[in-house]
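The structure under discussion appears below in the form of structure tokens.
Read the figures in this text as sums done on the coordinates, not as results from a lab. Values in this document were obtained by computation on a predicted structure and should not be read as measured data. Note that each Cβ is placed from the backbone with ideal geometry, even for glycine, and that neighbours are counted across all protein chains shown.
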Amino acid sequence: MRKLIIDCDPGIDDALAILLALASRTDVDLLGVTCVRGNVALDKTHANARRILAAAGRLDIPVLRGLAGPILSPARAEAKAHGTDGLGGLDLPEPELPVPEMTAADFIRQQAALYPGEVMLCPIGPMSNVAVALLSDPLLAGRLHSIVFMGGAAFCPGNMNEHAEFNFLGDPHAAQVVLQSGARLVMFGLDVTLQAKIEPEHLDRLRRNGNRCSVLAADLLQVYAARDLHLHDPCALAWALDPSLFHGIQARVHVITDSGATFGQSVATPDPAGNCLVITGVDQERLFDLLIGRLA
Ligand code: BDR
Ligand code: CA
């Protein structure tokens with residue numbers, strides 16, 4: 001069974017990714033959830049991860065606090081698609097459990113050392129925590145099974161401006177550290193996630209599932225789909241469950257970190273010896289079947 005750490009900024013599609021992992025206990029062992037500033041401030045992303053785990057009855061999974069901003073560049077404005085609280089204003093209580101003192105980066109390093117070659121790290125927000133973990137431990141890249149991330153736009157325009165995607169623009173230097181780390185990398189950028197389009201029938205099917213997590217997912221998606229119709233982050237999680245849903249090409253990818261109009265842009269060149277498998281396509285129907293089926 002694949003050991004997994006989700007590094008995230010919930011965020012509605014992040015919450016869906018967490019729910020998908022929790023609903024897939026026979027395939028993935030979710031070791032922990034690490035949080036970063038991204039869609040909303042760190043206090044909120046951390047609270048939201050705990051709110052989602054509490055709603056799913058999985059308070060046994062540790063939720064670690066990470067960086068409250070990017071590693072080098074100034075913090076950018078919060079995202080709009082997730083509402084001011086980051087979870088669409090849904091009434092989900094935050095659990096009163098004590099917060100672990102270990103940082104997100106330390107947790108990532110600790111788990112990779114504990115399970116060498118086994119941990120898939122899945123960053124689905126700005127990659128600040130992952131960069132700090134990699135920079136502070138030269139052995140980490142080789143100890144991870146892989147880093148499967150949502151971020152960037154390899155062969156298509158961005159969603160923040162014509163060049164940059166939200167997670168890469170949120171911390172371009174961190175993305176560059178990850179891309180140069182030597183870890184086995186799989187990139188889920190807008191090239192593929194814009195194909196994961198949420199349709200009204202998906203919400204109906206989730207509601208028909210009837211259980212608590214499916215109805216929660218439908219409520220979350222309903223708020224979210226009014227502003228962003230694409231299920232970005234769960235794509236990266238689905239890779240751990242069924243890679244046959246996707247196809248892609250090996251490429252050399254880097255991020256532009258010089259200030260200017262292209263700041264945060266990912267630049268990709270197809271190359272069989274490149275640093276990254278860039279996912280470019282998904283079977284949208286089977287992806288939603290997987291999500292809705294697992295949540296059932
Ligand atoms: C990414 O931006 C965030 O708003 C989403 O959670 C996703 O990680 C898509 O560009
Ligand atoms: Ca996210």
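Near the amide H of T34, under 5 Å away, which other amide H atoms are found, from residues 5 or more places off or on another chain, if H is placed in the peptide plane?
Result for T34 returns I6, D7, C8, L64.
For a protection proxy built on the mean count of beta-carbon atoms within 10 angstrom, sort 196-204, 84-92, 128-136 highest first, please.
128-136, 84-92, 196-204
Cut-off 10 angstrom, C-alpha nodes, Gaussian network model of the chain. Which of L59, L97, L241 fluctuates the most?
L97
Between P123, T257, A296, whose Cα lies farthest towards the positive end of the dipole of the chain when Lys and Arg beta carbons carry +1 and Asp and Glu beta carbons carry -1, centred on the Cα centre?
My answer, from the dipole projection, is A296.
Determine the percent antiparallel among the DSSP beta bridges restricted to region 206-296, to the nearest 5.
Here the antiparallel bridges make up roughly 100 percent for region 206-296.
Under the rule of at least 5 residues apart or a separate chain, name every residue whose amide H is placed under 5 Å from the amide H of R184.
I147
Mind checking which of G38, G158, G117 has the largest fluctuation in a GNM of the chain, springs on alpha carbons under 10 Å?
Of G38, G158, G117, the Gaussian network model singles out G117 as fluctuating most.
Within 10 Å, count the other beta carbons around each residue, average over each peptide in 164-172, 104-112, 49-57, and list them highest first.
Packing order, densest peptide first, comes out as 164-172, 104-112, 49-57.
Putting +1 on Lys and Arg Cβ atoms and -1 on Asp and Glu Cβ atoms, find which of T26, A268, S181 reaches farthest to the positive end of the dipole of the chain.
It is T26, whose Cα lies furthest towards the positive end.
On the first, second and third principal axes, largest extent first, how far apart are the outermost C-alpha atoms of region 1-46 in Å?
Principal axes ranked by extent give 33, 16, 10 Å for the Cα atoms.
Identify which of L206, L139, L42 has the largest mean-square fluctuation in a Gaussian network model of the chain, with springs joining Cα atoms closer than 10 Å.
L139
Based solely on its DSSP helices, what 222 nm [θ] is calculated for the chain when runs of n ≥ 4 H residues each add -39,500 (n - 2.57) and the sum is averaged over all residues, nearest 500 deg cm²/dmol? Could the numbers behind the result be given before it?
Numbers: 12 runs with 111 residues, N = 296.
The helix contribution divided over the chain gives -10500 deg cm²/dmol.
What list of ³J(HN,Hα) couplings, whole Hz, do you get for region 17-24 from phi and the Karplus terms 6.51, -1.76, 1.60, once you set θ to phi - 60° and write x for glycine and proline?
3J(HN,Hα) across region 17-24, in whole Hz: 5, 5, 4, 5, 5, 5, 7, 10.
Given H placed 1.01 Å from N in the peptide plane, which residues other than close sequence neighbours of G281 have an amide H under 5 Å from its amide H?
Those lying under 5 Å, H to H, from G281 are H247.
Tell me, what ³J(HN,Hα) does each residue in region 77-93 have, in order and in whole Hz, if you take phi through Karplus 6.51 cos²θ - 1.76 cosθ + 1.60 with θ = phi - 60° and put x for Gly and Pro?
Result, ordered by residue: 5, 5, 6, 9, 5, 10, x, 5, 8, x, 10, x, x, 6, 7, 10, x Hz.
Spelling out what I want: for every residue of region 244-261, take phi, set θ = phi - 60°, compute 6.51 cos²θ - 1.76 cosθ + 1.60 (Karplus), and round to whole Hz; glycine and proline get x.
Going residue by residue, I get 5, 6, 10, 9, x, 9, 6, 8, 9, 10, 9, 10, 7, 10, 6, 5, x, 4 Hz, with x marking Gly and Pro.
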